[in-house]
Amino acid sequence: MATQLSQFIDVYKAELETKLQTIITTIAAPDILIQAMDYSLQAGGKRIRPMLLFATMSAFRKNPLMGMEAAAALEMIHTYSLVHDDLPSMDDDDLRRGKPTNHKVFGEATAILAGDALLTHAFKVIAQSKEYSNEQKVWLIDWLSQAAGPAGMVGGQMADMEGEHKQLTLEELEYIHKHKTGQLLEFSVMAGAFLSGATEAQLQHFQTYAKHIGLAFQIQDDILDVEGLEEKIGKRVGSDVNKHKSTYPSLLTLSGAKEKLQEHLSQALEAIEKTNTDAELLKKLAHLIADRDQ
């Protein structure tokens with residue numbers, strides 16, 4: 001089954017990256033802006049969010065490629081958030097996925113504009129899709145803007161910045177991660193389920209699954225910041241400690257964080273069973289998120 005997941009990721013990751021390349025190269029914009037957008041968009045990674053969307057559609061035995069425009073828009077927004085997170089005024093990181101961050105290569109002003117461009121063009125990709133009905137486009141744009149905006153990812157980033165140099169409670173830390181990281185992961189799953197014609201009851205179970213894997217994702221991120229290998233995670237180990245951020249290991253101890261990770265993984269797997277779909281790939285993705293080393 002691990003082979004099945006690996007093959008699934010290889011096939012749809014290649015399809016996604018071809019689509020992203022087509023989208024970027026057909027934009028009429030200054031060359032340097034296109035280069036900066038493409039630099040971060042093609043920087044690699046497992047493309048976890050699009051894979052969750054594709055795997056959810058596969059659970060309904062739908063063609064995952066029907067979700068391509070939503071997946072591409074999602075990855076463009078995720079990438080913009082990384083470009084902006086790395087800026088000197090935010091996390092001030094000089095490495096991302098083992099490569100110099102966007103502002104280190106293109107300069108801070110161009111990096112900001114590249115992020116802005118990825119964000120805004122993402123919604124055009126959905127709006128112009130020939131795969132979706134007008135109702136589906138409205139649903140996708142509404143959900144994605146909610147997940148990425150002030151009540152979602154952006155609000156989570158703001159809370160994260162305000163939480164630096166403070167001792168947060170576990171509830172405050174979970175608020176940050178449910179919004180900063182979890183909201184886009186939740187959109188990934190919900191978009192795949194919606195496009196596949198899920199019932200309201202199924203949507204609720206998929207949403208529960210997504211909420212728990214979102215927290216599992218961030219807990220593992222925090223663990224890797226303590227005991228990960230820089231050459232694998234592609235950024236400086238210990239950066240959270242250096243920035244005086246509260247993390248799951250700092251609040252619960254490293255072993256406590258690992259226990260909490262397993263709790264969320266178990267709850268995610270329990271929820272996905274209740275969807276009554278062929279969700280084996282989603283189960284394997286949940287394990288991949290919880291067990292990853294990068």
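Within straight cross-link reach of Lys166, meaning Cα distance under 15 Å, which aspartates and glutamates are found once same-chain residues fewer than 8 apart are removed?
List returned: Glu174, Asp240.
Between Ala29 and Gln4, what's the calculated FRET efficiency when r is the beta-carbon distance and R0 is 35 Å? Round to 0.05.
The calculated FRET efficiency here is 0.35.
Please state the charge dipole magnitude for region 36-122, taken about the Cα centre, from unit charges on C-beta atoms (+1 on K and R, -1 on D and E), reported in debye and rounded to the nearest 20.
Magnitude of the dipole: close to 640 debye.
Which of Ser188, Ser255, Ser145 comes first, and how do the rest follow, when ranked by fewest Cβ neighbours within 10 Å?
Going from sparsest to densest Cβ surroundings: Ser255, Ser145, Ser188.
Would you order Ile77, Ile219 from fewest to most other beta-carbon atoms within 10 Å of each residue's own beta-carbon?
Ile77, Ile219
For region 69-213, what number results from the quotient of the Cα radius of gyration and 2.2 N^0.38 Å?
Computed over Cα atoms of region 69-213, the ratio equals 1.12.
Run the quick spin-label model on Leu254 and Asp278: label points 7 Å from Cα toward the beta carbon, then report their separation in nm to one decimal.
Once both label points are built, they end up 4.2 nm from each other.
Report the label-to-label distance for Ser89 and Glu131 in nanometres (one decimal), using points 7 Å from each Cα along the Cα→Cβ vector.
My value for the distance between the label points is 3.5 nm.
Pull out a ≥ b ≥ c, the square roots of the eigenvalues of the alpha-carbon gyration tensor of region 6-50, then state rounded if a/c is under 1.5, prolate if not and a/b is larger than b/c, and oblate in the remaining case.
prolate
May I ask you to list the aspartates and glutamates whose Cα is less than 14 Å away from that of Lys104, ignoring any residue fewer than eight positions away on the same chain?
Asp85, Asp86, Asp91, Asp92, Asp93, Asp94
If r is the Cβ-Cβ distance from Lys166 to Val226 and R0 is 22 Å, what FRET efficiency results, to the nearest 0.05?
So the FRET efficiency works out to roughly 0.70.
Using the Cα gyration tensor of the chain, with a ≥ b ≥ c the square roots of its eigenvalues, what is the shape: rounded (a/c below 1.5), prolate (a/b larger than b/c) or oblate (neither)?
It is oblate, given that a/c is not under 1.5 and a/b is not larger than b/c.
Check the straight Cα-Cα distances from Lys284 and name the lysines below 20 Å, setting aside those fewer than 8 residues away within the same chain.
The reachable lysines, counting only those whose Cα sits under 20 Å from Lys284, are Lys13, Lys46, Lys62, Lys211, Lys258, Lys260, Lys274.
Project the alpha carbons of region 9-153 onto their principal axes and report the range along each, largest first, in whole Å.
So the three principal-axis extents are 43, 31, 29 Å.
Under a Cβ-Cβ cut-off of 14 Å, what is the net charge of the residues other than Lys62 that fall near it, where Lys and Arg count +1 and Asp and Glu count -1?
Around Lys62, the surrounding residues sum to -1.
Read the figures in this text as sums done on the coordinates, not as results from a lab. These numbers were taken from a predicted model, which means no experiment stands behind them. Positions of Cβ are backbone-derived with ideal geometry, glycine not excepted, and every protein chain shown enters the neighbour counts.
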